[in-house]
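Okay, so here's the structure we're looking at.
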There are 2 protein chains.
Amino acid sequence: MTERRRDRLRERCRDQKVDGYLTFDYSDVFYLSGFPSEGCFLLVSRGGDFLFSPLLLAEQARSIVDRKLSVVTSRKLLKSLESAVRKDGLKKVGYDSAKVTVSLFKSFSSGKGMRWVPLDGFVLKQRMIKDENEIELISQACHATFVSRESTFGLLREGQTEREVARALEGLFFKAGASKTAFETIVAFQENAAYPHHVVSDKKLSPKMAVLMDCGCAFGGYRSDLTRTGFFGKISSQFQKIYGIVKKSQSVGMAAVRPGVTAGKIDFVCREVIRKAGYGDYFVHGTGHGVGLDIHEPPRLGIGSKEVLREGMVVTVEPGIYLPGEFGVRIEDTLLVTKNGCEVLTQ
Amino acid sequence: MTERRRDRLRERCRDQKVDGYLTFDYSDVFYLSGFPSEGCFLLVSRGGDFLFSPLLLAEQARSIVDRKLSVVTSRKLLKSLESAVRKDGLKKVGYDSAKVTVSLFKSFSSGKGMRWVPLDGFVLKQRMIKDENEIELISQACHATFVSRESTFGLLREGQTEREVARALEGLFFKAGASKTAFETIVAFQENAAYPHHVVSDKKLSPKMAVLMDCGCAFGGYRSDLTRTGFFGKISSQFQKIYGIVKKSQSVGMAAVRPGVTAGKIDFVCREVIRKAGYGDYFVHGTGHGVGLDIHEPPRLGIGSKEVLREGMVVTVEPGIYLPGEFGVRIEDTLLVTKNGCEVLTQ
């Protein structure tokens, strides 16, 4: 499977008129090699495929990767890269200038007669369209997240802290078979929910509080993303009103997801609902993003995004309204773009 | 406290003859602002201190940072940076070329009459020496890690999987008050322990297995790092032999930790013990690293490292021997360098 992905990447390199592609990105390397570890980098080229691994990981890497991928190890991996490039006579190799640091670039790009071509998000572009196996893993993660959030909400009790709720929720992820959380779990009570990226605190739950949970987990490296905002105790009319607007915005957004539509269009329709209700200034982030090995991947569902949705993409739709000092509401699902529309995976 | 850190950074900028320093690094930004969130960057300069925050985090940032730090927010943060630099007439500003990507650098460095000076690890250098508050948090994390590992080892039972043991261990971290794990917990049984960076699997525990746990947690953002390798059931003579060599290596290394000694020297003395015992080729990584807001910080305790240990540094000493297909042993503690030697924090 990883072999097929590298072959596809090689074809795409030909189309771009480069001899190969070099990536240092953890998720790219995992996607192309099946090897989940830090500190490795990978070269796909017309001369062959190479995983450059530090000494301490080489044994492990060899035990995991397919036969077409050569594991190269040494104390000076960048020197080994230079040799491989020279030996195969590569002249133009692509790399991701948005993932490679200035100093790292300097340290591998000095070879004479070589041109390094910035092709940003080149592997990410391929990763955008998920295959069956990837969709299965994301679905598992999404389902586990949905069920765990539901259970946790049902068990809320007065006096529980945000931290305790977050830990309980994560405990359920692991029980369901998740290998890790997809990102730092957000549990935010009432005014804390007005911060889109609140960090869990020891604030205690008391009646008449909004309870926002933004959470996800990972199965086989693939992630999920779900947000629900509920209310503990008798719902206030203000919460009800804001919730209704966000809910409508999200429904309209989800209904618009299908192949051929631009990602920016989804953002636009969600934003319009909130703007028309008079809360445009309180929706302070983009509407969604792709999800896969990374929690934030292309496409970006934001203002003006021209990326076109295609079958096999997995994206979130997550509008919100944030009233500083009062509370916030965000509703988010992870969706699979299907042939004719989309399927909600977080259920 | 964050204000004092920025003032110190400003002094150091003067010494380096730059007008300020720009950092995009999460931990640097947290260290200098107290604000724990992604997507922000920070400029300390002779014209003042600025935290550049995306719209969705600005409210939250303002509620947390000290008064001397101005929170700047806009839809185009790099434009705002450009304005701030121009307004204050900054001519030479330092940045970390090992943390800034090629494309990011291009997007902020084009201003005329400006020079961007690579000063790699400039904030990290300051972060190497921990203050009392930081040492307190690291100590809490180290103690919680030690106790949790001990308990987990005591409760091991036949048939438990690596994953179950890892989750149990992490559960104890959270019970002890940790906010997160310091890195992906490693639990490795027998031959899996021969991989220094093993990823937890569903392998089941049975008698006569080596059990390696490499784990840590975080308190207030500050991390701990501990490895123990135990044996489940009656200890084999081969395990006992290898364990003895690693234990001796680690003791000799810890005994050598004191101000004035080079980090490379600690690596050397640990390595010598293992080499003389005939296992030099099976110790495939460096001896240790600094620990703080990041799990791997300078100084690097590796071959040839010239960094000199100083009072207030927090470092690990973690030699190991890895026998592919058989088992591995690593023993690691986190230490505080004190005036006359060191203090083991993981206890």
Q | Residues satisfying the stated conditions in the range A:253-287, i.e. in a helix (DSSP H, G or I) and of a type in the set (Ser, Thr, Tyr) | A | A:Tyr282
Q: Report whether or not B:Asp294 is within 24 Å of the chain's Cα centre (by Cα), over 24 Å from A:Glu59 (Cα atoms) and at pLDDT 95 or above.
A: yes
Q: Would you be able to tell me the number of residues in the range B:1-38 that are among the polar types (S, T, N, Q), open to solvent by 70 Å² or more (accessible area, probe 1.4 Å) and modelled with pLDDT under 95?
A: 0
Q: Spot the failing condition for A:Ser151; the list is (1) in contact with a helix residue (DSSP H, G or I) (Cβ under 8 Å, 6 or more places away or on another chain); (2) at the interface with chain B (Cβ under 10 Å from one of its Cβ atoms); (3) without any contact (Cβ under 8 Å) to a residue 24 or more places away in the chain, and only one is missed.
A: (2)
Q) Which residues, counting only those in the range A:41-64, are within 10 Å of chain B (Cβ to nearest Cβ) and touching a residue at least 40 places away in the same chain (Cβ under 8 Å)? A) none
(Q) Can you pull out every residue in the range A:66-87 that is touching a residue at least 60 places away in the same chain (Cβ under 8 Å) and open to solvent by 20 Å² or more (accessible area, probe 1.4 Å)? (A) A:Asp66, A:Lys68
**Q.** Count of residues meeting criterion [of a type in the set (Val, Ile, Thr), under 25 Å from the mean Cα position of the chain (by Cα) and more than 16 Å from B:Pro196 (Cβ to Cβ)] in the range B:240-287
**A.** 6
Q.
Criterion first (crowded, with 18+ Cβ neighbours inside 10 Å and out of contact with any Asp or Glu (no Cβ under 9 Å at 6 or more places or on another chain)) does A:Phe122 satisfy it?
A. no
Q) Do we find a residue being hydrophobic (A, V, I, L, M, F, W, C), in contact (Cβ under 8 Å) with a residue 40 or more places away in the chain, touching a Phe, Trp or Tyr at 6+ places or on another chain (Cβ under 8 Å) and open to solvent by 10 Å² or more (accessible area, probe 1.4 Å) anywhere in the range A:127-138? A) yes
Q | In the range B:197-207, residue nearest to the other protein chains (Cβ to nearest Cβ) [restricted to those that are modelled with pLDDT under 95 and in contact with a helix residue (DSSP H, G or I) (Cβ under 8 Å, 6 or more places away or on another chain)] | A | B:His197
**Q.** Which listed residue, of B:Ala194, B:Ala166, B:Ala188, is of a type outside the set (S, T, N, Q), closer than 17 Å to B:Phe231 by Cα, within 10 Å of chain A (Cβ to nearest Cβ) and touching a Leu at 6+ places or on another chain (Cβ under 8 Å)
**A.** B:Ala194
Q.
Are there strands (runs of 3 or more DSSP E) fully within the range A:145-252 with at least 1 residues that are open to solvent by less than 10 Å² (accessible area, probe 1.4 Å) and over 22 Å from B:Arg167 (Cα atoms)? List them.
A. A:186-189, A:209-215, A:226-232
Q. If you take the residues in the range B:321-347 that are at pLDDT 95 or above and of a type in the set (Gly, Ala, Ser), which one is nearest to the chain's Cα centre (by Cα)?
A. B:Gly341
Q | Residues of the range B:289-304 satisfying the condition of being small (Gly, Ala, Ser) and surrounded by fewer than 22 Cβ atoms within 10 Å (Cβ to Cβ) | A | B:Gly302, B:Gly304
Q. Can you tell which of B:Lys265, B:Lys276 is surrounded by fewer than 16 Cβ atoms within 10 Å (Cβ to Cβ), modelled with pLDDT of 95 or more and assigned by TED's automatic domain parsing to the domain that holds B:Val308?
A. B:Lys276
Q | Set B:Lys99, B:Lys91: member being touching a residue at least 60 places away in the same chain (Cβ under 8 Å), basic (Lys, Arg) and surrounded by 16 or more Cβ atoms within 10 Å (Cβ to Cβ) | A | B:Lys99
Q | Looking only at the range A:312-347, and only at residues there that are out of contact with any helix residue (DSSP H, G or I) (no Cβ under 8 Å at 6 or more places or on another chain) and not in a loop (DSSP other than H, G, I, E, B), the one that is nearest to A:Cys270 (Cα to Cα) | A | A:Thr316
Q | Options B:Ser33, B:Ser27; residue that is polar (S, T, N, Q) and closer than 17 Å to B:Lys68 by Cβ | A | B:Ser33
Q: Would you check if A:Ser110 is modelled with pLDDT under 95 and either assigned by TED's automatic domain parsing to the domain that holds A:Phe50 or at positive phi (or both)?
A: yes
Q. Going by the conditions given, is B:Glu332 open to solvent by less than 10 Å² (accessible area, probe 1.4 Å), within 25 Å of B:Gly220 (Cβ to Cβ) and of a type in the set (Asp, Glu)?
A. yes
(Q) Checking B:Glu38 against (1) at negative phi; (2) touching a residue at least 24 places away in the same chain (Cβ under 8 Å); (3) within 14 Å of another protein chain (Cβ to nearest Cβ): exactly one of these is not met. Which one? (A) (2)
**Q.** Identity of the residue in the range B:317-329, in contact with an Asp or Glu (Cβ under 7 Å, 6 or more places away or on another chain) and surrounded by fewer than 24 Cβ atoms within 10 Å (Cβ to Cβ), that ends up nearest to B:Gln238 (Cα to Cα)
**A.** B:Glu326
Q) When the residues of the range B:28-60 are filtered to those that are among the hydroxyl-bearing types (Ser, Thr, Tyr) and in contact with a Phe, Trp or Tyr (Cβ under 9 Å, 6 or more places away or on another chain), which remaining residue is nearest to B:Arg10 (Cα to Cα)? A) B:Ser45
Q. If we keep just the residues of the range A:67-115 that are in a strand (DSSP E or B) and of a type in the set (Val, Ile, Thr), which is nearest to the other protein chains (Cβ to nearest Cβ)?
A. A:Thr101
Q: Return yes or no: is A:His296 more than 19 Å from A:Ile129 (Cα to Cα) and within 14 Å of chain B (Cβ to nearest Cβ)?
A: no
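The values are calculated or read from the model by the stated rules, or taken from the named source; none is laboratory data. The shown structure was predicted, so the numbers you read here are calculated from the model rather than taken from an experiment. Glycine also receives a Cβ, built like all others from the backbone with ideal geometry; neighbour counts cover every protein chain displayed. Calculation scope for accessible area: heavy atoms of the full protein, side chains included, ligands and nucleic acids excluded. Shrake-Rupley method; radii C 1.70, N 1.55, O 1.52, S 1.80 Å.
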